[in-house]
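Chemist: Structure provided below as structure tokens; questions to follow.
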Amino acid sequence: MDAQFKKGVLEMCILYTLAKDEMYGYEIMRIVKNYFPDVYDGTIYTVLRRLASDGYLDFYIGETSDGPKRKYYFITENGNIYLNDNIEQWKSLCSIVQSMGII
Amino acid sequence: MTRKEFINSLYKELHHYFSSKDSKAIIMDYEEYFDAGITEGKSEDELCRQCGEPKKLAMEIIGDTKAIKIRKILSSKIIKSLDKVIYHSKAIIYLLLIPLLVGVIKWFVDSGWYYWKYPDMLWNFESNLVKYNNIITEKIGPSLAANTWFMIFGSTTVIMLLIVLSLRQKTYRYLYLIAIFAGIIISMNNVRYALGQLASKERALGLILNAMKPFFIGIILSAILFIIINIRKPRVI
């Protein structure tokens, strides 16, 4: 799959997951790996980092039961807007491809 | 690969671009990853393999930063405008003619024609000092210099035109000529300096020929390039 294309879908996947609930990095990665088994774990973290630096996500440091602190990610207002934009674009792309008879 | 090896390798790559502080902050995510993975029961080796190659990950992270993004946008904008200038603008051809124009103007201003009226002035300089009056001998120097400047500026224009036109026509068949004109520029510059020493030398010929060496080298180089370019099948770039 084309890298740029894939990154876009990865972003959407992560944002959609976080729109439903806040999670820590490893949890998010596990969910994403369900849909993208071939993607490197590390890449998911780089996408998380980018989404956070773009302001679509934010995080707080939380405690865990057995000691080490963890980043808990949550979606921001801008993130929601960005996610909905992306979903609309995908919907229109899909209907175009469908109407061409390709899928 | 062990966790420690992975983390160290990733840190090293990140540190090429980020500060220690920022690199450590980025690393923390991956420490978290290993912590959680090990809790789940996975081995360090398995986690390292699934995480990806440290070098590639570092490049992804670095490439995501705003500075790199801005640099990419800027450089593509620069490339686009360079492209426009080189391939499409008519004005650039006229611009490239400016050095030639400067050379012509300077030639007239410094009486470049003077030297050609008294061409034998250059050889046997000292005996000529007696033959010609002072005004003439004084004017010969600048006049000769003006001629060399004309050659220098003219050759600059020729070289630049050769490059631009070759790029536009997408052919490098004539680029070997650049060697000749580069040789001319260097030689004429040497001649200019040599002129300054004329008064103290008896025969100018040897001095001038020495100064012209780059020109002869340019011709030889040019011939070599011509042969190299033409023994292969002609090909557009």
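The values are calculated or read from the model by the stated rules, or taken from the named source; none is laboratory data. On a predicted model such as this, the values are computed, not experimentally measured, just so you know. In this analysis, Cβ positions are derived from the backbone assuming ideal geometry, glycine residues included, and neighbour counts consider all displayed protein chains. Areas reflect the complete protein model, heavy atoms only, side chains present, ligands, DNA and RNA absent. Shrake-Rupley method; radii C 1.70, N 1.55, O 1.52, S 1.80 Å.
Chemist: Kindly list, by first and then second residue, each pair from a residue in the stretch B:171-192 that is assigned to a loop (DSSP other than H, G, I, E, B) to a residue that is of a type in the set (G, A, S), limited to pairs with Cβ atoms under 6 Å and residues at least 6 apart or on different chains.
Modeler: These pairs meet every condition: B:Y172/B:S166; B:L175/B:S166; B:Y176/B:S222.
Chemist: Then there's this: Restricting attention to the stretch A:1-37, and to residues there that are modelled with pLDDT under 90 and of a type in the set (D, E, K, R), which single residue is nearest to the chain's Cα centre (by Cα)?
Modeler: So, considering only residues that are modelled with pLDDT under 90 and of a type in the set (D, E, K, R), the one nearest to the chain's Cα centre (by Cα) is A:K7.
Chemist: Kindly establish whether A:D66 is under 14 Å from A:Y16 (Cβ atoms), among the acidic types (D, E) and more than 13 Å from the chain's Cα centre (by Cα).
Modeler: no
Chemist: Here's a follow-up. So is A:E22 in contact (Cβ under 8 Å) with a residue 60 or more places away in the chain and buried (at least 17 other Cβ atoms within 10 Å of the Cβ) or not? It would help to see each step written out before you state the result.
Modeler: Details: in contact (Cβ under 8 Å) with a residue 60 or more places away in the chain: no; buried (at least 17 other Cβ atoms within 10 Å of the Cβ): yes.
In short, no.
Chemist: Does the stretch A:72-85 contain at least one residue that is within 14 Å of chain B (Cβ to nearest Cβ), free of Cβ contacts under 8 Å to residues at least 12 places away in the same chain and among the polar types (S, T, N, Q)?
Modeler: Among the residues of the stretch A:72-85, not one is within 14 Å of chain B (Cβ to nearest Cβ), free of Cβ contacts under 8 Å to residues at least 12 places away in the same chain and among the polar types (S, T, N, Q), which makes the answer no.
Chemist: Looking only at the stretch B:50-80, count how many residues are open to solvent by 60 Å² or more (accessible area, probe 1.4 Å) and more than 9 Å from chain A (Cβ to nearest Cβ).
Modeler: Matching residues across the stretch B:50-80 total 12.
Chemist: For A:V47, only one of the following conditions fails: (1) at the interface with chain B (Cβ under 9 Å from one of its Cβ atoms); (2) open to solvent by 50 Å² or more (accessible area, probe 1.4 Å). What is its number?
Modeler: Evaluating A:V47 over (1) at the interface with chain B (Cβ under 9 Å from one of its Cβ atoms); (2) open to solvent by 50 Å² or more (accessible area, probe 1.4 Å) leaves (2) as the failure.
Chemist: Let me ask something else about it. Take A:K69 and decide whether it is modelled with pLDDT of 90 or more and open to solvent by 50 Å² or more (accessible area, probe 1.4 Å).
Modeler: Here the answer is no, as A:K69 does not meet what is asked.
Chemist: From the list B:L175, B:L167, B:L144, B:L129, which residue is modelled with pLDDT under 90 and open to solvent by 70 Å² or more (accessible area, probe 1.4 Å)? So that I can check it myself, show each step before the final result.
Modeler: Values: B:L175 fails: open to solvent by 70 Å² or more (accessible area, probe 1.4 Å); B:L167 fails: open to solvent by 70 Å² or more (accessible area, probe 1.4 Å); B:L144 fails: open to solvent by 70 Å² or more (accessible area, probe 1.4 Å).
Among B:L175, B:L167, B:L144, B:L129, only B:L129 is modelled with pLDDT under 90 and open to solvent by 70 Å² or more (accessible area, probe 1.4 Å).
Chemist: Need the failing condition index for B:I86 against (1) within 14 Å of another protein chain (Cβ to nearest Cβ); (2) in contact with a Lys or Arg (Cβ under 8 Å, 6 or more places away or on another chain), just the number.
Modeler: (1)
Chemist: Among the listed residues A:T76, A:T64, which satisfies the condition of being modelled with pLDDT of 90 or more and open to solvent by less than 50 Å² (accessible area, probe 1.4 Å)?
Modeler: Residue meeting the stated conditions: A:T76.
Chemist: Another one. Answer yes or no: is there a residue in the stretch B:14-35 that is among the β-branched types (V, I, T), assigned to a helix (DSSP H, G or I) and either within 10 Å of chain A (Cβ to nearest Cβ) or open to solvent by 60 Å² or more (accessible area, probe 1.4 Å) (or both). Give the derivation first.
Modeler: As a first pass, look at the stretch B:14-35 and keep what is among the β-branched types (V, I, T): B:26-27.
Those left that are additionally assigned to a helix (DSSP H, G or I): B:26-27.
Filter once more, so that each one left must be either within 10 Å of chain A (Cβ to nearest Cβ) or open to solvent by 60 Å² or more (accessible area, probe 1.4 Å) (or both): B:26.
Checked the stretch B:14-35: at least one residue is among the β-branched types (V, I, T), assigned to a helix (DSSP H, G or I) and either within 10 Å of chain A (Cβ to nearest Cβ) or open to solvent by 60 Å² or more (accessible area, probe 1.4 Å) (or both).
Chemist: List the number of the failed condition for A:D41; all other conditions in (1) charged (D, E, K, R); (2) touching a residue at least 12 places away in the same chain (Cβ under 8 Å); (3) open to solvent by 30 Å² or more (accessible area, probe 1.4 Å) hold.
Modeler: Of everything listed in (1) charged (D, E, K, R); (2) touching a residue at least 12 places away in the same chain (Cβ under 8 Å); (3) open to solvent by 30 Å² or more (accessible area, probe 1.4 Å), A:D41 misses just condition (3).
Chemist: Only residues in the stretch A:45-57 that are on the phi > 0 side of the Ramachandran plot count as the first member; pair them with residues that are surrounded by 21 or more Cβ atoms within 10 Å (Cβ to Cβ) and not charged (D, E, K, R), Cβ under 9 angstrom, at least 6 apart or cross-chain, and list the lot.
Modeler: A:G55/A:G79
Quick grid of which residues meet (1) of a type outside the set (S, T, N, Q); (2) closer than 13 Å to A:C13 by Cα:
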{"site": "A:T46", "(1), (2)": "no, no"}
{"site": "A:R49", "(1), (2)": "yes, no"}
{"site": "A:D58", "(1), (2)": "yes, no"}
{"site": "A:I61", "(1), (2)": "yes, no"}
{"site": "A:Y82", "(1), (2)": "yes, yes"}
